[in-house]
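The values are calculated or read from the model by the stated rules, or taken from the named source; none is laboratory data. Remember, predicted model here, so these are calculated numbers, not experimental data. Neighbour counts run over all protein chains shown; Cβ positions are idealised from the backbone, glycine included. Please note that ligands, DNA and RNA were not included when accessible areas were found on the heavy atoms of the full protein model with its side chains. Shrake-Rupley method; radii C 1.70, N 1.55, O 1.52, S 1.80 Å.
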Amino acid sequence: MNEWIERRAMINLYTFFVSKLLTSLGFGVFSFGISLYILQLTGSALSFATNIMFNVLPRALVAPLAGYVADRFPRKIIVVVSMAGITASIGALIIYTELCGISVAAIYTITAIFSMIGAFNGIAFSSSIPNMVGKHNVQKGMAFNQVSYSIGAIGGPTIGGMMYGFVSMEVFLWAMFIAYFIALCLEASMNFTLFADRLVAKKESMMASMRSGFVYLKSKPLVQSLLMTQVCINFFSAAISVGLVFVLVQRLSVESTQVGIIQGAGAIGMLVASLYLSMRGDLVRPLRFVKRAATVMCIAMICIAVPLVAGFSTSIAFIYYMLLMFVFSAMSIWANTPIGVVIQREVDDAHRGRVFGIIETLAVGIGPIGSLIYGALFDYIDASLIFIISGSLLLVMIYILLRASRLKHLSPR
């Protein structure tokens, strides 16, 4: 019986990986094509930013509700229905495009729909990982999820770039529709309760249930520390997502193709780090591992200022930043993935959806806030100073939140 369960867990694990890989690639191709289309159609960076807002804001707003739904109803049904809703939305956009032609308003609308439905799908899926693959395979499952995301980040723009200019937007939509439809079939075949305890849902109002999720989170100081660590990492990482391209183009006059290669090095770093975690056994001391990886991240952020201060040539700066982004992105995976694994294991199944809904709101919501703040800062403050201060502040926060005395008190690991 145990052998059958383990075999089924492996089937779940690899089905999960293929499903996430297809959706990551499909969305990557679609997102790249849509981004270029909006810029070409409007010539406005504001229109492009507005589409990003429609992709982020609805997800952050509905995440607490999605967490409640994930704890209240069968998660497989939520995952399958939400994926079917996304697939149907793509089909509706294809039909609309054939009849009326594609428009920016239609793109904004479908992006918002994807974002909202995606919150239900993502939170239900994330909170189901221990039940699908077992707590002993959570690290592998989280790493596989990051591998699929990294491949999508590399392959999506690559495939999209080859397609754009040669095919119509309808082809981009069909590619996404096919990828999501296959993912829907795969997700429908998965066993979401293989390792689940039989729980009876507590009958309470939606607001009372969501409130109890916050109360439960307050009773878990280790999870609070890890959540705040993720929030800090996501906030200060906005300095790189906003400022790196600005520095490369405006301060160092790096060519656009080289900028793309530098960003690609970051995606490769994520992939390599994710593959490493997926192939190795469970981390013996995951929180110590997180602390060391986050420390290297902070050092890498500070080191972004070096070429600006030292006056590197363009060619040397290109190589330097390519290596630096590889290291920074790899360390971000090594910091965030073990945090996710520990949270999965620390939170009980009855509250996992609501806790992940809170995490989703904070983690997703802090990114745009950080981008807005850093976008304003880079217009008025020297870039090298911003990177040095941001890296130093993040380092201080990491050592406060993950200090040895606190972790020893909260967890034996």
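A few notes on this one:
- 3J(HN,Hα) from dihedral phi, segment 277-289, Karplus parametrisation 6.51/-1.76/1.60, rounded to Hz, x for glycine, proline: 5, 6, 9, 8, x, 4, 5, 6, 10, x, 6, 5, 4
- Cα-based Kirkwood hydrodynamic radius, segment 3-189, one decimal, Å: 17.2 Å
- Fully extended contour minus Cα-Cα distance, from Thr193 to Thr158, at 0.36 nm per residue: 8.9 nm
- Kirkwood hydrodynamic radius (C-alpha pairs) into Stokes-Einstein, segment 225-347, 37 °C and 0.692 mPa s, D in µm²/s: 215 µm²/s
- Dipole of the chain [Lys/Arg +1, Asp/Glu -1 at C-beta], most positive-end residue of Met190, Ala300, Ile339: Ile339
- Inter-label distance for Asp282 and Ala208, nm, one decimal - labels placed 7 Å from Cα along Cα-to-Cβ: 3.6 nm
- Added length on full extension, which subtracts the Cα-Cα distance from 0.36 nm per residue, Glu170 to Phe73: 31.4 nm
- Segment 288-413 - percent of accessible surface contributed by carbon and sulfur, probe 1.4 Å: 72 percent
- Evaluating 6.51 cos²θ - 1.76 cosθ + 1.60 at θ = phi - 60° for every residue in segment 257-264, the Karplus couplings come out as 5, 5, 4, x, 5, 4, 5, x Hz, glycine and proline recorded as x.
- Dipole check for the chain: with +1 at the C-beta of Lys and Arg, -1 at the C-beta of Asp and Glu, and the Cα centre as origin, the magnitude is about 1580 Debye.
- Inter-label distance for Asp379 and Ala310, nm, one decimal - labels placed 7 Å from Cα along Cα-to-Cβ: 3.2 nm
- Rg to Rh quotient for segment 177-296, alpha carbon positions, Kirkwood Rh: 1.08
- Selected from Ile339, Ile107, Ile268 as most flexible by GNM, with the chain as the system and alpha-carbon contacts under 10 Å: Ile107
- For segment 245-306: rounded, prolate or oblate by the Cα gyration tensor [a/c cutoff 1.5]: oblate
- For the chain: accessible area per residue (Å², 1.4 Å): 45 Å²
- Each residue of segment 314-330 is assigned a 3J(HN,Hα), and the resulting list reads 4, 5, 5, 4, 4, 5, 4, 6, 5, 5, 5, 5, 4, 5, 4, 5, 4 Hz, derived from the Karplus form 6.51 cos²θ - 1.76 cosθ + 1.60 (θ = phi - 60°), x at Gly and Pro.
- Shape call, the chain: gyration tensor on alpha carbons, a/c limit 1.5: oblate
- Segment Glu346-Thr109, extension gain: residue separation times 0.36 nm, minus the distance between their alpha carbons: 81.6 nm
- Positive-end residue, the chain charge dipole about Cα centroid, Cβ charges, pick of Leu252, Phe166, Ser127: Ser127
- Accessible area, probe 1.4 Å, largest first, for residues Met132, Met116, Met163: Met116, Met163, Met132
- Computed Rg/Rh of segment 338-382, alpha carbon atoms with Kirkwood Rh: 1.25
- One Cα centroid belongs to segment 127-143, the other to segment 328-403; the line between them spans 22 Å.
- Approximate shape of segment 109-235 as ellipsoid semi-axes (Cα gyration tensor, √5λ), whole Å, largest first: 33, 19, 18
- Beyond 25 Å in Cα-Cα separation lie the following of the pairs Lys140/Lys291; Lys140/Lys218; Lys20/Lys291; Lys218/Lys291: Lys140/Lys218; Lys20/Lys291.
- Given the chain, longest segment not containing exposed loop GluC sites (Glu not before Pro) (DSSP; at most 14 other Cβ within 10 Å): 1-203
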